[in-house]
Each structure stands twice: as structure tokens, then as C-alpha cells.
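One structure below.
The values are calculated or read from the model by the stated rules, or taken from the named source; none is laboratory data. This structure is a prediction, so every number in the text was calculated from the model and none was measured. Cβ placement follows ideal geometry from the backbone for every residue including glycine, while neighbour counts extend to all protein chains displayed.
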Amino acid sequence: MKRRLTVGTMSLLSAFAINACSTPTESTQTQSPTPHSMETQLSTSNTADETAIGALKQQMIEGWSQGSGDAFAAPFAEDANFVAFDGTRFEGKQEIASSHQQLFDKYVKGTRLVGEVESVRFLAPDLAVVRAVGGTQMPGQSDTSPGRDSMQMFVAIKRGDQWRIVEFTNSRIVTLEQQLFMDDFDSLPAEAQRQVTDLVTSLKQRDQS
């Protein structure tokens, strides 16, 4: 913002210099944008771009809820990279679509995604870093599953008149207690881990019956 005002001020001074040396007719023909008008244009542009970037997240949410890998991947660039919550990396729009279709068909079938963009930081007029949050509603549930709450950070680039996601990282929100439990689980021998897993499975089955 400061740099743009400086450029606007220089333009304004140049216009004054031209007007001082020109005839009245030439003066009326030379009109330079004022710093205020430039600031207004920048604000309007950022507002429109923020809305467009927010729509990228909404496209992902709608694609997830539809169970469509192609719809979920629609806001991504062809050469985008996607890092899932478990560290798995998918390269390219097609791989993002196909991998999520497998999830929609089996592991998260019937679930719904909710979330929103929390902040947009423009590093350039056509480059933005975005922070968002998301959660998953399991089938038959009205609230999100706390263990699936996530934070996302992604980079969006404007190509032509369209914004697209080029880098996306999804991270699960884990409490300290949950992390300590996972650390303890990892420290157990393989047989003990199997017994804990079997116990959790039996408790889930009992609660669902």
C-alpha cells in the first residue's frame, strides 16, 4: 500500500509539472489518478479477489459433499500439489481427483465437509497465501467429528482472470493429550499395539450395537 501511494504521488507531481508548462487546453486533457482513487481501486480489487479465493474452498466443500473427486479437484491448477493430513503427497489435479474419489467411495462415503477461509494474505496482486479450517460430519451426525478437525494452508495464483490453488497442505488439529496417547501407543511393542487396536474396535462395535 505504501509503495502504491508513493507511485501515485509521483504521478500526481508529474502531472502538476506538465500542467505548469502546458496551455490551458493541454491541462484539461492531462488527468492522472489521485492516490485516493488508486487506493479505492486496490481495495475493490482485493475484495473481489478475496471473494473468488473463498469460492475455491467452497468448491472443495461442495465436491466432497457430492462424493465427486473431479468436483473436489476443480479449483486446483493442473500442476498443483496436495499434502494430506497423514503426509501423503498427490501431484497434479488428476491425482488429487482420483485419490479423493477412492476416499469418497469407501472411507468417507456419505460424509460432509464443512469449513471456511479464515484469512487471505496477498503477496502480490496475483499471488495469495490462504489459511482455512475444516471439519467432517460423519453419516447421521449433525456435528463434526473432533478427531477430524483440520487446518489448511494453501497458495493460490491468479492466471488470467481465474484463481487456482497450486499448493495445499492439510493438517489435523491434535490436542496435547491426543499426541501423548499416540506417543505412548508408538512406544508399545507390536503385540501390545494389536491388543489396544482390538480393544478399541470391540468398544466401537459395542457402542454401535
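Would a scan of the range 181-192 turn up a residue that is within 30 Å of ASN46 (Cβ to Cβ), touching a helix residue (DSSP H, G or I) at 6+ places or on another chain (Cβ under 9 Å) and surrounded by 10 or more Cβ atoms within 10 Å (Cβ to Cβ)? Let's see the steps before the verdict.
Here is the first cut: in the range 181-192, the residues within 30 Å of ASN46 (Cβ to Cβ) are none.
So far as the range 181-192 goes, no, none of its residues is within 30 Å of ASN46 (Cβ to Cβ), touching a helix residue (DSSP H, G or I) at 6+ places or on another chain (Cβ under 9 Å) and surrounded by 10 or more Cβ atoms within 10 Å (Cβ to Cβ).
Would you confirm whether any residue within the range 154-164 is in contact with a Ser or Thr (Cβ under 9 Å, 6 or more places away or on another chain) and either modelled with pLDDT under 95 or in the same structural domain as ALA84 (by TED's automatic domain parsing) (or both)? Yes. Please determine, by comparing only the residues of the range 75-100 that are over 17 Å from the mean Cα position of the chain (by Cα) and farther than 21 Å from GLY135 by Cβ, which one is surrounded by the most Cβ atoms within 10 Å (Cβ to Cβ). In this case the residue turns out to be GLU95.
Against the condition at pLDDT 90 or above, assigned by TED's automatic domain parsing to the domain that holds ASP86 and exposed (fewer than 10 other Cβ atoms within 10 Å of the Cβ), how does PRO139 come out, does it pass? For PRO139, the condition - at pLDDT 90 or above, assigned by TED's automatic domain parsing to the domain that holds ASP86 and exposed (fewer than 10 other Cβ atoms within 10 Å of the Cβ) - is met.
Of all residues assigned to the range 185-193, none qualifies as being part of a helix (DSSP H, G or I), aliphatic (A, V, I, L, M) and modelled with pLDDT under 90. Looking at ASP149, ASP126, just one residue is among the acidic types (Asp, Glu) and within 21 Å of GLU177 (Cβ to Cβ), and that residue is ASP149. Filtering the range 53-74 to residues that are in a helix (DSSP H, G or I), surrounded by fewer than 17 Cβ atoms within 10 Å (Cβ to Cβ) and among the small types (Gly, Ala, Ser) leaves GLY54, ALA55. Can you find a residue that is within 22 Å of ILE53 (Cβ to Cβ), touching a residue at least 40 places away in the same chain (Cβ under 8 Å) and not in a strand (DSSP E or B) anywhere in the range 130-148? No, because not a single residue in the range 130-148 is within 22 Å of ILE53 (Cβ to Cβ), touching a residue at least 40 places away in the same chain (Cβ under 8 Å) and not in a strand (DSSP E or B).
Restricting attention to the range 103-121, does a residue exist that is assigned to a loop (DSSP other than H, G, I, E, B), free of Cβ contacts under 8 Å to residues at least 60 places away in the same chain, among the charged types (D, E, K, R) and touching a Gly at 6+ places or on another chain (Cβ under 9 Å)?
Restricting attention to the range 103-121, the residues satisfying the condition of being assigned to a loop (DSSP other than H, G, I, E, B) are 106-111.
Okay, now just the ones that are also free of Cβ contacts under 8 Å to residues at least 60 places away in the same chain, so 106-111.
Narrowing the set further to residues that are among the charged types (D, E, K, R) leaves 106, 109.
So of that shortlist, the ones also touching a Gly at 6+ places or on another chain (Cβ under 9 Å) come out as 109.
Yes, because at least one residue in the range 103-121 is assigned to a loop (DSSP other than H, G, I, E, B), free of Cβ contacts under 8 Å to residues at least 60 places away in the same chain, among the charged types (D, E, K, R) and touching a Gly at 6+ places or on another chain (Cβ under 9 Å).
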